[in-house]
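S.K.: Here it is, the structure in full.
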Amino acid sequence: MPPENSDKSSEDNQENLERLVAERTADLLEANEALRAEIDEHRKSKEALAQQRRQLRRLANEITLLEERERRTIAADLHDGIGQSLALIKSKISDLQGDAIFSGFDKNLSVILNLLDGAIQSTRSLTFEISSPVLYELGLVPAIRWLANHFLEKHELHVDVKEKDHVPSIRTDLRVLLFKCVRELLINVVKYAQANSAKVIIEHNKQQIRITVQDKGSGFDLDKFNTTAIQEKGFGLFSIKERLEQLDGQMILDSQIGHGTTVTLIAGYES
């Protein structure tokens with residue numbers, strides 16, 4: 001091949017190579033820009049999702065506090081209205097009891113006073129059930145201990161409450177939610193577990209609090225928990241799980257037929 005043809009062929013090959021490199025570089029730059037745009041969109045979506053989760057937690061906190069404010073208002077009205085009225089009626093009837101001895105009505109008044117004592121006690125108990133003052137005045141653990149005494153008196157369920165180390169002060173919405181969760185779990189023990197005792201273990205570290213409710217009752221099939229159990233008798237558990245997850249917490253459930261149920265509630269202090 002003549003030298004001039006060889007040089008021409010080399011130049012053509014060089015031009016083709018440069019063109020291919022330029023095209024490939026352009027393709028890579030375009031792909032890189034598309035990847036950057038996708039990453040940026042993903043980051044924005046992730047930030048938007050995080051923002052939505054924060055808003056959901058805030059809304060869940062507000063709903064919990066709003067519900068509890070309503071419950072406290074009802075409890076206060078019950079105590080200050082019906083409770084005090086019953087106490088006043090009892091006082092007036094007690095004043096009449098001495099005179100009634102001479103007219104033969106003292107036995108009837110005694111029956112009425114006994115009925116009033118029962119009504120007053122029921123009103124006080126209902127007031128505490130609706131919204132326990134102990135939860136606000138003394139904190140979560142004393143409120144759970146009060147709850148244990150309440151279940152013993154009302155349902156003959158022996159509840160052993162164990163606090164591992166001193167639990168620090170907890171913000172109101174979380175305190176209210178955990179108290180309601182423990183109450184719901186103990187109600188489930190009474191209704192479904194066929195057990196006469198339960199255990200509540202409260203422990204914590206710097207980041208989170210963990211409450212475990214155990215019973216040695218009948219237990220249930222975990223495989224059916226997400227279907228039949230929710231529809232028939234597991235709604236309380238489902239509700240607890242959902243409310244905890246709204247606060248970035250979790251519920252761990254372990255149950256075996258004939259060997260009882262263990263439910264662990266976990267929530268972070270800063271959720």
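Just so you know, all these numbers are worked out from the coordinates, no wet-lab data involved. Keep in mind that this is a model prediction, so the values were computed, not measured. Here Cβ is always computed from backbone atoms with ideal geometry, including for glycine, and neighbour counts include all displayed protein chains.
S.K.: For segment 36-51 and segment 139-199, what is the centre-to-centre distance using only Cα atoms, to the nearest Å?
M.R.: Here the two parts' Cα centres lie 42 Å apart.
S.K.: Let me ask something additional. Restricting things to Cα coordinates, could you compute the convex hull volume per residue of segment 160-229 in Å³?
M.R.: Output value, Cα hull per residue: 115 Å³.
S.K.: Also, I was wondering about something else. Within the set Lys44/Lys206; Lys90/Lys191; Lys44/Lys241; Lys90/Lys180; Lys164/Lys216; Lys164/Lys199, which residue pairs have Cα atoms separated by over 25 Å?
M.R.: Lys44/Lys206; Lys90/Lys191; Lys44/Lys241; Lys90/Lys180
S.K.: If packing is taken as the average count of other Cβ atoms within 10 Å, what order do 179-188, 34-43, 148-157 fall into, highest mean first?
M.R.: Answer by packing, highest mean first, reads 179-188, 148-157, 34-43.
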